[in-house]
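The values are calculated or read from the model by the stated rules, or taken from the named source; none is laboratory data. This one's a predicted model, so the numbers in the text were calculated from it and none came from an experiment. Here Cβ is always computed from backbone atoms with ideal geometry, including for glycine, and neighbour counts include all displayed protein chains. SASA here: full protein model, heavy atoms, side chains in, ligands and nucleic acids out. Shrake-Rupley method; radii C 1.70, N 1.55, O 1.52, S 1.80 Å.
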Amino acid sequence: MTEQHNVTPATDWWRDAVIYQVYPRSFADGNGDGMGDLAGIRSRLPYLRDLGVDAVWLSPFYASPQADGGYDVADYRAIDPMFGTLPDAEAVIADAHHLGLRIIVDIVPNHCSDQHEWFRRALAEGPGSVTRERFHFRKGRGQNGELPPNDWESIFGGPAWTRVPDGEWYLHLFAPEQPDFNWDHPAVQDEFRSILRFWLDLGVDGFRVDVAHGLVKAPGLPDMGHGEQLRLLGNQVLPFFDQDGVHAVYRTWRAVLDEYAGDRIAVAEAWTPSAERTALYLRPDELHQAFNFHYLNTGWDAASLRAVIDASLEAMRPVGAPATWVLSNHDVVRHRTRLGGSLDRARAAALLMLALPGSAYVYQGEELGLPEVTDLPDEVRQDPSFFRANGQDGLRDGCRVPLPWSGTAPPYGFGDAGTWLPQPADWAPLTVASQAGDPDSTLELYRAALGLRRTHPGLGAGDTVEWLDAPDGVLAFRRPGGLICTANTTGAAVKLTERPGRVLLSSLPPSHLSTSRHLLNTTGDYVVAADTTVWWEE
Ligand code: NOJ
(Lines give C-alpha, C1' and ligand atoms only; values in the text may rest on other atoms or scores of the structure.)
Protein backbone atom coordinates (compact mmCIF):
# COMPACT_ATOMS: atom_id res chain seq x y z
CA MET A 1 0.00 0.00 0.00
CA THR A 2 1.28 3.46 -0.85
CA GLU A 3 -1.28 5.14 1.36
CA GLN A 4 0.19 7.31 4.08
CA HIS A 5 -0.19 5.89 7.54
CA ASN A 6 -0.03 8.31 10.44
CA VAL A 7 -0.90 5.82 13.11
CA THR A 8 1.95 5.20 15.50
CA PRO A 9 4.04 2.25 14.37
CA ALA A 10 4.50 1.03 17.95
CA THR A 11 3.83 -2.65 18.25
CA ASP A 12 1.26 -3.83 20.74
CA TRP A 13 -0.82 -0.68 20.24
CA TRP A 14 -3.90 -2.77 20.96
CA ARG A 15 -2.89 -3.80 24.47
CA ASP A 16 -4.26 -0.63 26.05
CA ALA A 17 -6.22 0.82 23.12
CA VAL A 18 -9.60 2.46 23.49
CA ILE A 19 -11.70 1.19 20.60
CA TYR A 20 -14.87 3.01 19.58
CA GLN A 21 -17.69 0.97 18.06
CA VAL A 22 -19.53 2.52 15.13
CA TYR A 23 -22.86 0.93 14.20
CA PRO A 24 -22.94 2.33 10.64
CA ARG A 25 -26.73 2.54 10.24
CA SER A 26 -26.95 4.82 13.24
CA PHE A 27 -23.78 6.90 13.31
CA ALA A 28 -24.15 9.61 10.64
CA ASP A 29 -26.07 9.88 7.38
CA GLY A 30 -24.04 11.34 4.51
CA ASN A 31 -26.61 11.12 1.72
CA GLY A 32 -29.82 12.16 3.44
CA ASP A 33 -31.73 8.89 3.16
CA GLY A 34 -32.24 8.48 6.88
CA MET A 35 -29.72 5.63 7.10
CA GLY A 36 -26.16 6.06 8.33
CA ASP A 37 -23.44 5.36 5.78
CA LEU A 38 -19.72 5.41 5.04
CA ALA A 39 -19.80 9.03 3.84
CA GLY A 40 -21.34 9.97 7.18
CA ILE A 41 -18.69 8.03 9.08
CA ARG A 42 -15.94 9.66 7.03
CA SER A 43 -17.25 13.14 7.77
CA ARG A 44 -17.24 12.44 11.51
CA LEU A 45 -13.78 10.88 11.81
CA PRO A 46 -12.32 14.18 13.10
CA TYR A 47 -14.88 13.99 15.91
CA LEU A 48 -13.51 10.57 16.86
CA ARG A 49 -9.93 11.82 16.68
CA ASP A 50 -10.87 14.71 18.97
CA LEU A 51 -12.66 12.36 21.32
CA GLY A 52 -9.30 10.66 21.78
CA VAL A 53 -9.96 7.04 20.87
CA ASP A 54 -7.23 4.92 19.30
CA ALA A 55 -9.26 2.80 16.90
CA VAL A 56 -12.70 2.50 15.39
CA TRP A 57 -14.53 -0.79 14.99
CA LEU A 58 -17.14 -0.69 12.23
CA SER A 59 -20.06 -3.09 12.49
CA PRO A 60 -20.87 -4.71 9.10
CA PHE A 61 -21.36 -2.55 6.01
CA TYR A 62 -21.18 -5.42 3.51
CA ALA A 63 -23.74 -6.27 0.83
CA SER A 64 -26.67 -7.65 2.78
CA PRO A 65 -30.44 -7.95 2.69
CA GLN A 66 -30.30 -6.56 6.27
CA ALA A 67 -32.31 -9.34 7.87
CA ASP A 68 -30.10 -8.84 10.94
CA GLY A 69 -28.73 -5.32 10.58
CA GLY A 70 -26.01 -6.48 8.16
CA TYR A 71 -24.91 -9.53 10.17
CA ASP A 72 -26.40 -11.49 7.24
CA VAL A 73 -23.71 -10.98 4.63
CA ALA A 74 -24.43 -11.70 0.96
CA ASP A 75 -21.01 -10.64 -0.33
CA TYR A 76 -18.05 -10.23 2.01
CA ARG A 77 -16.07 -8.23 -0.53
CA ALA A 78 -18.77 -5.73 -1.51
CA ILE A 79 -20.30 -2.73 0.24
CA ASP A 80 -24.05 -2.57 0.53
CA PRO A 81 -25.30 0.33 -1.65
CA MET A 82 -27.15 1.63 1.39
CA PHE A 83 -23.74 2.33 2.96
CA GLY A 84 -21.81 3.39 -0.15
CA THR A 85 -19.13 1.87 -2.34
CA LEU A 86 -15.78 0.15 -2.00
CA PRO A 87 -13.96 3.43 -2.75
CA ASP A 88 -15.96 4.96 0.13
CA ALA A 89 -14.64 2.24 2.43
CA GLU A 90 -11.10 2.85 1.18
CA ALA A 91 -11.56 6.56 1.82
CA VAL A 92 -12.69 5.89 5.40
CA ILE A 93 -9.61 3.73 6.00
CA ALA A 94 -7.26 6.28 4.43
CA ASP A 95 -8.75 9.27 6.27
CA ALA A 96 -8.75 7.40 9.56
CA HIS A 97 -5.08 6.58 9.14
CA HIS A 98 -4.26 10.20 8.31
CA LEU A 99 -5.97 11.18 11.55
CA GLY A 100 -4.03 8.58 13.52
CA LEU A 101 -7.02 6.26 14.00
CA ARG A 102 -6.94 2.54 13.30
CA ILE A 103 -9.84 0.75 11.65
CA ILE A 104 -11.22 -2.63 12.66
CA VAL A 105 -13.93 -4.23 10.56
CA ASP A 106 -16.45 -6.87 11.49
CA ILE A 107 -16.13 -10.32 9.98
CA VAL A 108 -19.05 -12.71 10.16
CA PRO A 109 -17.78 -16.26 9.67
CA ASN A 110 -20.40 -18.36 11.45
CA HIS A 111 -23.12 -17.71 8.91
CA CYS A 112 -23.87 -15.75 5.77
CA SER A 113 -27.08 -14.45 4.22
CA ASP A 114 -29.50 -16.78 2.50
CA GLN A 115 -28.84 -14.51 -0.50
CA HIS A 116 -25.12 -15.36 -0.53
CA GLU A 117 -24.20 -16.97 -3.84
CA TRP A 118 -23.02 -20.17 -2.17
CA PHE A 119 -26.31 -20.66 -0.37
CA ARG A 120 -28.40 -19.88 -3.42
CA ARG A 121 -26.42 -22.47 -5.36
CA ALA A 122 -26.77 -24.97 -2.52
CA LEU A 123 -30.54 -24.53 -2.64
CA ALA A 124 -30.68 -24.75 -6.43
CA GLU A 125 -28.36 -27.74 -6.77
CA GLY A 126 -30.33 -29.82 -4.31
CA PRO A 127 -29.71 -32.72 -1.93
CA GLY A 128 -26.40 -34.51 -2.35
CA SER A 129 -24.77 -31.61 -4.23
CA VAL A 130 -21.28 -30.55 -3.24
CA THR A 131 -22.50 -27.01 -2.67
CA ARG A 132 -24.77 -28.23 0.13
CA GLU A 133 -21.72 -29.54 1.99
CA ARG A 134 -20.59 -25.98 2.68
CA PHE A 135 -23.61 -25.60 4.98
CA HIS A 136 -25.35 -27.94 7.42
CA PHE A 137 -28.11 -29.59 5.41
CA ARG A 138 -29.75 -32.68 6.91
CA LYS A 139 -32.80 -34.85 6.48
CA GLY A 140 -35.45 -34.28 9.12
CA ARG A 141 -36.61 -36.65 11.84
CA GLY A 142 -40.08 -38.17 12.03
CA GLN A 143 -41.77 -40.50 9.61
CA ASN A 144 -41.58 -38.10 6.69
CA GLY A 145 -38.69 -35.97 7.85
CA GLU A 146 -41.16 -33.40 9.07
CA LEU A 147 -39.29 -32.74 12.33
CA PRO A 148 -36.04 -30.76 12.64
CA PRO A 149 -32.87 -32.91 12.62
CA ASN A 150 -32.11 -32.09 16.27
CA ASP A 151 -33.42 -30.02 19.17
CA TRP A 152 -31.19 -26.96 18.76
CA GLU A 153 -32.84 -23.61 19.21
CA SER A 154 -32.06 -20.38 17.41
CA ILE A 155 -30.58 -17.60 19.54
CA PHE A 156 -33.38 -15.44 18.16
CA GLY A 157 -36.07 -17.94 19.21
CA GLY A 158 -37.69 -20.93 17.55
CA PRO A 159 -35.95 -23.97 16.05
CA ALA A 160 -32.43 -23.55 14.64
CA TRP A 161 -33.52 -25.40 11.49
CA THR A 162 -35.61 -24.42 8.48
CA ARG A 163 -36.98 -26.87 5.92
CA VAL A 164 -36.51 -26.16 2.22
CA PRO A 165 -38.99 -27.22 -0.49
CA ASP A 166 -37.05 -30.39 -1.41
CA GLY A 167 -37.52 -31.63 2.15
CA GLU A 168 -34.03 -31.12 3.63
CA TRP A 169 -33.40 -28.82 6.58
CA TYR A 170 -30.56 -26.36 7.06
CA LEU A 171 -29.05 -25.09 10.28
CA HIS A 172 -29.17 -21.45 11.33
CA LEU A 173 -28.17 -20.59 14.88
CA PHE A 174 -29.61 -17.13 14.28
CA ALA A 175 -32.39 -16.06 11.85
CA PRO A 176 -33.50 -18.39 9.00
CA GLU A 177 -31.94 -15.80 6.67
CA GLN A 178 -28.54 -16.61 8.25
CA PRO A 179 -27.51 -20.17 7.28
CA ASP A 180 -24.53 -21.53 9.23
CA PHE A 181 -21.39 -22.43 7.29
CA ASN A 182 -19.90 -25.89 7.68
CA TRP A 183 -16.43 -25.11 8.97
CA ASP A 184 -15.26 -28.69 8.44
CA HIS A 185 -15.30 -27.91 4.73
CA PRO A 186 -11.93 -26.76 3.33
CA ALA A 187 -13.62 -24.40 0.85
CA VAL A 188 -15.15 -22.46 3.76
CA GLN A 189 -11.79 -22.23 5.48
CA ASP A 190 -10.03 -21.10 2.30
CA GLU A 191 -12.71 -18.56 1.50
CA PHE A 192 -12.43 -16.85 4.86
CA ARG A 193 -8.65 -16.67 4.75
CA SER A 194 -9.08 -15.02 1.37
CA ILE A 195 -11.66 -12.57 2.77
CA LEU A 196 -9.26 -11.67 5.59
CA ARG A 197 -6.55 -10.95 3.03
CA PHE A 198 -8.93 -8.87 0.92
CA TRP A 199 -9.55 -6.46 3.79
CA LEU A 200 -5.98 -6.56 5.10
CA ASP A 201 -4.80 -5.61 1.62
CA LEU A 202 -7.18 -2.64 1.75
CA GLY A 203 -5.41 -1.55 4.92
CA VAL A 204 -7.67 -2.47 7.80
CA ASP A 205 -5.93 -2.87 11.15
CA GLY A 206 -7.96 -5.80 12.34
CA PHE A 207 -11.20 -7.69 12.67
CA ARG A 208 -13.96 -8.12 15.19
CA VAL A 209 -14.94 -11.77 14.84
CA ASP A 210 -18.70 -12.27 15.07
CA VAL A 211 -19.86 -15.38 16.97
CA ALA A 212 -16.23 -16.50 17.19
CA HIS A 213 -17.27 -19.35 19.48
CA GLY A 214 -19.82 -20.83 17.09
CA LEU A 215 -17.99 -21.94 13.98
CA VAL A 216 -17.36 -25.57 14.89
CA LYS A 217 -20.24 -27.83 15.87
CA ALA A 218 -19.99 -31.06 17.86
CA PRO A 219 -19.56 -34.05 15.51
CA GLY A 220 -22.88 -35.58 14.56
CA LEU A 221 -24.79 -32.48 15.70
CA PRO A 222 -26.07 -34.15 18.88
CA ASP A 223 -29.18 -32.93 20.69
CA MET A 224 -28.68 -30.30 23.38
CA GLY A 225 -30.96 -32.41 25.45
CA HIS A 226 -31.93 -29.77 27.99
CA GLY A 227 -35.36 -29.17 26.60
CA GLU A 228 -35.18 -25.58 27.75
CA GLN A 229 -34.26 -22.20 26.32
CA LEU A 230 -30.54 -22.04 25.79
CA ARG A 231 -28.43 -20.06 28.11
CA LEU A 232 -25.37 -18.50 26.57
CA LEU A 233 -23.52 -18.01 29.78
CA GLY A 234 -24.56 -21.17 31.52
CA ASN A 235 -21.72 -23.31 32.74
CA GLN A 236 -22.37 -26.08 30.26
CA VAL A 237 -20.61 -26.29 26.93
CA LEU A 238 -23.30 -26.45 24.26
CA PRO A 239 -22.83 -28.68 21.17
CA PHE A 240 -22.77 -25.64 18.91
CA PHE A 241 -20.71 -23.21 20.98
CA ASP A 242 -17.17 -23.10 22.24
CA GLN A 243 -16.15 -26.44 20.79
CA ASP A 244 -12.43 -27.15 21.12
CA GLY A 245 -12.10 -27.59 17.35
CA VAL A 246 -12.66 -23.86 16.79
CA HIS A 247 -9.13 -23.05 17.93
CA ALA A 248 -7.55 -24.66 14.87
CA VAL A 249 -9.40 -22.10 12.74
CA TYR A 250 -7.96 -19.17 14.67
CA ARG A 251 -4.45 -20.53 14.48
CA THR A 252 -4.69 -20.33 10.70
CA TRP A 253 -6.17 -16.82 10.94
CA ARG A 254 -3.33 -15.66 13.17
CA ALA A 255 -0.85 -16.88 10.58
CA VAL A 256 -2.60 -14.70 7.99
CA LEU A 257 -2.65 -11.64 10.28
CA ASP A 258 1.02 -12.09 11.05
CA GLU A 259 1.89 -12.04 7.35
CA TYR A 260 1.02 -8.33 7.39
CA ALA A 261 3.08 -5.52 8.83
CA GLY A 262 1.58 -3.10 11.31
CA ASP A 263 0.31 -5.23 14.15
CA ARG A 264 -3.05 -6.29 12.69
CA ILE A 265 -5.36 -7.78 15.29
CA ALA A 266 -8.52 -9.79 15.81
CA VAL A 267 -10.96 -9.46 18.68
CA ALA A 268 -13.30 -12.33 19.43
CA GLU A 269 -16.95 -12.08 20.21
CA ALA A 270 -16.75 -15.29 22.17
CA TRP A 271 -19.50 -16.19 24.63
CA THR A 272 -18.05 -18.95 26.75
CA PRO A 273 -18.90 -20.38 30.15
CA SER A 274 -15.89 -18.82 31.87
CA ALA A 275 -13.07 -16.31 31.54
CA GLU A 276 -10.67 -19.26 31.47
CA ARG A 277 -12.35 -20.69 28.38
CA THR A 278 -12.35 -17.24 26.76
CA ALA A 279 -8.60 -17.06 27.37
CA LEU A 280 -8.12 -20.13 25.18
CA TYR A 281 -9.02 -17.97 22.16
CA LEU A 282 -6.21 -15.62 23.12
CA ARG A 283 -3.28 -17.98 23.25
CA PRO A 284 -0.25 -16.41 21.56
CA ASP A 285 -0.93 -18.16 18.24
CA GLU A 286 -4.67 -17.33 18.17
CA LEU A 287 -6.58 -14.06 18.49
CA HIS A 288 -5.51 -10.90 20.32
CA GLN A 289 -8.47 -9.88 22.45
CA ALA A 290 -11.97 -10.99 23.38
CA PHE A 291 -14.86 -8.92 24.65
CA ASN A 292 -15.31 -9.21 28.38
CA PHE A 293 -19.02 -9.96 28.59
CA HIS A 294 -18.61 -11.11 32.18
CA TYR A 295 -17.67 -7.51 33.01
CA LEU A 296 -20.54 -6.09 30.96
CA ASN A 297 -22.96 -8.34 32.82
CA THR A 298 -21.78 -7.25 36.27
CA GLY A 299 -23.98 -4.87 38.23
CA TRP A 300 -22.90 -1.59 39.83
CA ASP A 301 -21.64 -3.11 43.02
CA ALA A 302 -18.11 -2.79 44.36
CA ALA A 303 -17.70 -6.37 45.54
CA SER A 304 -18.97 -7.92 42.31
CA LEU A 305 -16.92 -5.54 40.21
CA ARG A 306 -13.77 -6.30 42.15
CA ALA A 307 -14.41 -10.03 41.74
CA VAL A 308 -14.90 -9.82 37.98
CA ILE A 309 -11.91 -7.50 37.53
CA ASP A 310 -9.67 -9.91 39.45
CA ALA A 311 -11.06 -12.94 37.63
CA SER A 312 -10.62 -11.29 34.23
CA LEU A 313 -7.03 -10.28 34.88
CA GLU A 314 -6.24 -13.65 36.38
CA ALA A 315 -7.66 -15.54 33.42
CA MET A 316 -5.73 -13.53 30.84
CA ARG A 317 -2.36 -13.68 32.59
CA PRO A 318 -1.39 -17.24 31.57
CA VAL A 319 -1.95 -16.48 27.87
CA GLY A 320 -0.39 -13.01 28.00
CA ALA A 321 -3.44 -11.31 26.46
CA PRO A 322 -4.70 -7.95 27.70
CA ALA A 323 -7.97 -7.90 29.56
CA THR A 324 -10.71 -5.89 27.87
CA TRP A 325 -13.59 -3.92 29.34
CA VAL A 326 -16.90 -3.00 27.83
CA LEU A 327 -20.13 -1.51 29.15
CA SER A 328 -22.31 -1.14 26.06
CA ASN A 329 -22.64 -2.38 22.49
CA HIS A 330 -25.29 -2.74 19.78
CA ASP A 331 -26.72 -5.92 21.31
CA VAL A 332 -27.40 -4.86 24.88
CA VAL A 333 -29.37 -2.24 26.77
CA ARG A 334 -27.26 0.93 27.01
CA HIS A 335 -25.37 0.94 30.29
CA ARG A 336 -26.89 4.19 31.54
CA THR A 337 -30.28 2.46 31.55
CA ARG A 338 -29.00 -0.97 32.49
CA LEU A 339 -27.28 0.36 35.61
CA GLY A 340 -30.45 1.95 36.87
CA GLY A 341 -31.05 5.00 34.70
CA SER A 342 -28.71 7.33 36.52
CA LEU A 343 -26.34 9.42 34.46
CA ASP A 344 -24.06 9.85 37.50
CA ARG A 345 -23.67 6.11 37.65
CA ALA A 346 -23.09 5.74 33.90
CA ARG A 347 -20.33 8.35 34.08
CA ALA A 348 -18.79 6.72 37.14
CA ALA A 349 -18.84 3.33 35.42
CA ALA A 350 -17.04 4.83 32.42
CA LEU A 351 -14.24 6.32 34.51
CA LEU A 352 -13.82 3.06 36.39
CA MET A 353 -13.57 1.11 33.13
CA LEU A 354 -11.06 3.56 31.68
CA ALA A 355 -8.75 3.18 34.68
CA LEU A 356 -8.41 -0.58 34.33
CA PRO A 357 -5.39 -2.26 32.74
CA GLY A 358 -5.96 -3.36 29.16
CA SER A 359 -8.16 -2.27 26.32
CA ALA A 360 -11.59 -0.64 26.55
CA TYR A 361 -14.50 -0.56 24.13
CA VAL A 362 -16.79 2.46 23.88
CA TYR A 363 -20.09 2.13 22.02
CA GLN A 364 -21.22 5.12 19.97
CA GLY A 365 -23.39 7.45 21.99
CA GLU A 366 -22.23 6.33 25.42
CA GLU A 367 -19.89 9.33 25.36
CA LEU A 368 -23.07 11.45 25.14
CA GLY A 369 -24.69 9.64 28.06
CA LEU A 370 -27.46 8.35 25.80
CA PRO A 371 -30.09 6.24 27.53
CA GLU A 372 -31.75 3.22 25.97
CA VAL A 373 -34.86 4.16 23.98
CA THR A 374 -37.48 2.01 25.63
CA ASP A 375 -40.67 3.20 23.97
CA LEU A 376 -40.13 2.37 20.31
CA PRO A 377 -43.46 1.42 18.78
CA ASP A 378 -43.75 -2.13 17.47
CA GLU A 379 -44.21 -0.96 13.89
CA VAL A 380 -40.72 0.59 13.71
CA ARG A 381 -38.91 -2.41 15.19
CA GLN A 382 -36.31 -4.08 13.01
CA ASP A 383 -34.49 -6.49 15.28
CA PRO A 384 -35.20 -10.06 14.09
CA SER A 385 -35.20 -11.30 17.67
CA PHE A 386 -38.21 -9.09 18.38
CA PHE A 387 -40.25 -10.90 15.75
CA ARG A 388 -39.02 -14.41 16.43
CA ALA A 389 -39.39 -14.33 20.18
CA ASN A 390 -42.95 -12.97 20.28
CA GLY A 391 -41.71 -9.53 21.10
CA GLN A 392 -40.34 -10.38 24.54
CA ASP A 393 -36.75 -9.88 23.48
CA GLY A 394 -36.88 -6.79 21.32
CA LEU A 395 -34.39 -4.74 23.21
CA ARG A 396 -31.70 -4.41 20.55
CA ASP A 397 -33.42 -1.61 18.61
CA GLY A 398 -33.41 0.69 21.65
CA CYS A 399 -29.61 0.97 21.70
CA ARG A 400 -29.43 1.46 17.92
CA VAL A 401 -31.35 4.72 17.61
CA PRO A 402 -29.38 7.18 15.40
CA LEU A 403 -27.00 9.55 17.17
CA PRO A 404 -27.97 13.16 17.89
CA TRP A 405 -25.30 15.50 16.54
CA SER A 406 -26.85 18.98 16.65
CA GLY A 407 -30.06 20.97 16.59
CA THR A 408 -33.11 20.91 18.80
CA ALA A 409 -35.35 18.36 17.08
CA PRO A 410 -35.02 15.06 15.19
CA PRO A 411 -33.01 14.19 13.13
CA TYR A 412 -30.62 16.24 15.31
CA GLY A 413 -28.07 16.65 12.55
CA PHE A 414 -27.87 12.91 11.91
CA GLY A 415 -28.54 13.69 8.24
CA ASP A 416 -30.79 15.85 6.11
CA ALA A 417 -33.82 13.61 6.28
CA GLY A 418 -35.39 11.41 8.93
CA THR A 419 -33.86 8.50 10.77
CA TRP A 420 -34.46 4.78 10.25
CA LEU A 421 -35.52 4.49 13.90
CA PRO A 422 -37.25 7.48 15.49
CA GLN A 423 -35.23 9.58 17.93
CA PRO A 424 -36.78 10.81 21.18
CA ALA A 425 -38.12 14.36 21.24
CA ASP A 426 -36.08 15.23 24.35
CA TRP A 427 -32.57 14.55 23.06
CA ALA A 428 -31.67 18.21 22.31
CA PRO A 429 -29.49 18.54 25.44
CA LEU A 430 -27.69 15.31 24.50
CA THR A 431 -26.43 16.34 21.06
CA VAL A 432 -22.71 16.60 20.40
CA ALA A 433 -23.13 20.30 19.61
CA SER A 434 -24.88 21.07 22.85
CA GLN A 435 -22.37 19.12 24.96
CA ALA A 436 -19.14 20.21 23.25
CA GLY A 437 -17.32 22.79 25.32
CA ASP A 438 -19.56 22.33 28.37
CA PRO A 439 -17.24 21.09 31.11
CA ASP A 440 -20.16 19.45 32.91
CA SER A 441 -21.14 17.35 29.90
CA THR A 442 -20.60 13.65 29.49
CA LEU A 443 -18.86 14.26 26.17
CA GLU A 444 -16.26 16.48 27.85
CA LEU A 445 -15.84 13.89 30.62
CA TYR A 446 -14.97 11.21 28.03
CA ARG A 447 -12.67 13.62 26.20
CA ALA A 448 -10.88 14.46 29.42
CA ALA A 449 -10.58 10.82 30.44
CA LEU A 450 -9.28 9.70 27.07
CA GLY A 451 -6.86 12.62 27.01
CA LEU A 452 -5.54 11.58 30.42
CA ARG A 453 -5.09 8.00 29.21
CA ARG A 454 -2.65 9.43 26.67
CA THR A 455 -0.73 11.66 29.07
CA HIS A 456 -0.81 9.04 31.84
CA PRO A 457 -0.17 5.75 30.03
CA GLY A 458 -0.09 3.96 33.38
CA LEU A 459 -3.88 4.09 33.37
CA GLY A 460 -4.19 1.31 30.79
CA ALA A 461 -0.88 -0.40 31.44
CA GLY A 462 0.03 -3.81 32.79
CA ASP A 463 -2.08 -6.73 33.88
CA THR A 464 -2.68 -6.05 37.57
CA VAL A 465 -4.39 -3.55 39.81
CA GLU A 466 -3.08 -2.80 43.25
CA TRP A 467 -6.14 -2.79 45.49
CA LEU A 468 -6.17 -0.36 48.39
CA ASP A 469 -8.24 -0.48 51.55
CA ALA A 470 -11.60 1.16 51.03
CA PRO A 471 -14.92 1.44 52.85
CA ASP A 472 -17.72 -0.96 51.92
CA GLY A 473 -19.16 -0.22 48.52
CA VAL A 474 -16.04 1.63 47.36
CA LEU A 475 -13.28 0.37 45.08
CA ALA A 476 -9.85 1.92 45.44
CA PHE A 477 -6.80 0.91 43.46
CA ARG A 478 -3.45 2.26 42.41
CA ARG A 479 -2.26 2.33 38.81
CA PRO A 480 1.34 2.76 37.62
CA GLY A 481 2.55 6.34 37.60
CA GLY A 482 1.07 7.28 40.97
CA LEU A 483 -2.59 7.31 39.99
CA ILE A 484 -5.37 6.20 42.26
CA CYS A 485 -8.91 5.42 41.23
CA THR A 486 -11.75 5.41 43.74
CA ALA A 487 -15.23 4.35 42.70
CA ASN A 488 -18.12 4.80 45.09
CA THR A 489 -20.82 2.41 43.94
CA THR A 490 -23.18 3.27 46.77
CA GLY A 491 -26.05 5.72 46.70
CA ALA A 492 -24.54 7.77 49.54
CA ALA A 493 -21.44 9.89 49.99
CA VAL A 494 -18.61 7.91 51.59
CA LYS A 495 -15.80 9.22 53.78
CA LEU A 496 -12.28 8.16 52.86
CA THR A 497 -9.80 7.62 55.68
CA GLU A 498 -7.11 9.58 53.92
CA ARG A 499 -6.83 11.83 50.95
CA PRO A 500 -5.58 9.78 47.98
CA GLY A 501 -3.99 12.79 46.29
CA ARG A 502 -4.87 15.62 43.97
CA VAL A 503 -8.06 15.18 41.96
CA LEU A 504 -7.17 14.59 38.32
CA LEU A 505 -10.69 13.90 37.13
CA SER A 506 -14.03 13.19 38.71
CA SER A 507 -17.10 11.69 37.12
CA LEU A 508 -19.16 14.27 38.95
CA PRO A 509 -19.71 17.36 36.78
CA PRO A 510 -17.14 20.02 37.76
CA SER A 511 -19.80 22.55 38.67
CA HIS A 512 -20.97 20.14 41.39
CA LEU A 513 -17.51 19.91 42.91
CA SER A 514 -18.00 23.10 44.83
CA THR A 515 -21.32 21.98 46.26
CA SER A 516 -21.69 19.90 49.36
CA ARG A 517 -22.10 16.74 47.32
CA HIS A 518 -18.47 16.07 46.76
CA LEU A 519 -15.02 16.10 48.31
CA LEU A 520 -16.08 17.84 51.48
CA ASN A 521 -13.17 18.98 53.49
CA THR A 522 -14.87 20.87 56.25
CA THR A 523 -13.77 18.49 58.99
CA GLY A 524 -10.65 17.19 57.36
CA ASP A 525 -12.51 14.25 55.87
CA TYR A 526 -12.43 13.47 52.21
CA VAL A 527 -15.73 12.41 50.84
CA VAL A 528 -16.56 10.84 47.52
CA ALA A 529 -20.09 11.54 46.39
CA ALA A 530 -22.61 8.80 45.67
CA ASP A 531 -22.12 6.94 42.39
CA THR A 532 -18.90 8.75 41.61
CA THR A 533 -15.48 7.70 40.38
CA VAL A 534 -12.46 9.91 40.97
CA TRP A 535 -8.98 9.69 39.49
CA TRP A 536 -6.37 11.07 41.86
CA GLU A 537 -2.70 11.83 41.37
CA GLU A 538 -0.59 10.95 44.39
C1 NOJ B 1 -23.51 -10.96 17.24
C2 NOJ B 1 -23.80 -9.60 16.71
O3 NOJ B 1 -23.22 -8.66 17.56
C4 NOJ B 1 -25.31 -9.50 16.63
O5 NOJ B 1 -25.73 -8.20 16.37
C6 NOJ B 1 -25.79 -10.47 15.60
O7 NOJ B 1 -27.21 -10.48 15.59
C8 NOJ B 1 -25.30 -11.88 15.89
N9 NOJ B 1 -23.92 -11.92 16.29
C10 NOJ B 1 -25.46 -12.75 14.67
O11 NOJ B 1 -24.52 -12.39 13.70
Treating every alpha carbon of the range 450-504 as one equal point scatterer without solvent, the Debye formula yields log10 I(q)/I(0) values at q = 0.31 Å⁻¹ of -1.29
Compactness summary of the range 1-127: radius of gyration and Dmax from Cα atoms, Å, are 16.2, 55
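Please state, to two decimals, what the Cα-based radius of gyration of the range 390-513 comes to when divided by 2.2 N^0.38 Å (N = residues). Don't jump to the answer; show the numbers that get you there.
Values: Rg = 19.3 Å, N = 124, 2.2 N^0.38 = 13.7 Å.
After normalising by residue count via 2.2 N^0.38 Å, the value is 1.41.
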Semi-axes of the range 63-131 from the Cα gyration tensor (sqrt of 5 times each eigenvalue, largest first, whole Å) come to 31, 11, 10
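For the range 48-181, what does the accessible surface come to per residue with a 1.4 Å probe? Please give it in Å². Intermediate results must be reported in sequence, preceding the final value.
On the way: 4530 Å² over 134 residues.
Computed with neighbouring chains in place, this is 34 Å² per residue.
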In terms of the charge dipole of the chain, which places +1 on Lys and Arg and -1 on Asp and Glu at the beta carbon, the residue among Pro377, Gly473, Phe156 farthest towards the positive end is Gly473
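Within the range 110-157, list the GluC sites (Glu not before Pro) lying in a DSSP loop whose Cβ has at most 15 other Cβ atoms in a 10 Å radius. Don't skip to the end; give the middle numbers.
Working: sites: Glu117, Glu125, Glu133, Glu146, Glu153; in loops: Glu146.
The qualifying sites are Glu146.
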Between the alpha carbon centres of the range 124-158 and the range 426-452 the gap in Å comes to 51 Å
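Take the Cα radius of gyration of the range 394-455 and divide it by 2.2 N^0.38 Å, with N its residue count; two decimals is plenty.
Working: Rg = 13.6 Å, N = 62, 2.2 N^0.38 = 10.6 Å.
The range 394-455 yields a ratio of 1.29.
Restricting to the chain, what percent of DSSP beta bridges are antiparallel, rounded to 5?
55 percent
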For the chain, the Debye formula with one identical point scatterer on each Cα and no solvent gives log10 I(q)/I(0) at q = 0.08, 0.10 Å⁻¹ as -0.52, -0.82
Taking every alpha carbon pair in the range 87-171 and sorting the distances into 5 angstrom bins from 0 up to the bin holding the longest one, the percent per bin comes out as 3, 12, 17, 16, 13, 8, 6, 8, 7, 5, 2, 1, 0
In the chain, taking the dipole from +1 charges on Lys and Arg beta carbons and -1 charges on Asp and Glu beta carbons about the Cα centre, the listed residue (Ala302, Pro179, Gly214) farthest towards the positive end is Ala302
Mean shadow area (nm²) of the C-alpha convex hull around the range 184-333 is 10.3 nm²
So Asp33 and Ala255, fully extended at 0.36 nm per residue minus their Cα-Cα distance, gain in nm 75.8 nm
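Stretched out fully, how many nm does the piece from Tyr47 to His247 gain, at 0.36 nm a residue minus the Cα gap?
Numbers: separation 200, 0.36 × 200 = 72.00 nm, distance 3.75 nm.
Value of the extension gain: 68.2 nm.
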Given 10 °C, 1.306 mPa s and a Kirkwood radius over Cα pairs, the Stokes-Einstein diffusion coefficient of the range 260-387 in µm²/s is 99 µm²/s
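Given the rule -39500 (n - 2.57) for each run of at least 4 DSSP H residues, summed and divided by the residues of the chain, what is its mean residue ellipticity at 222 nm, to the nearest 500 deg cm²/dmol?
Values: 15 runs with 131 residues, N = 538.
After summing the helix terms and dividing by residue count, I get -7000 deg cm²/dmol.
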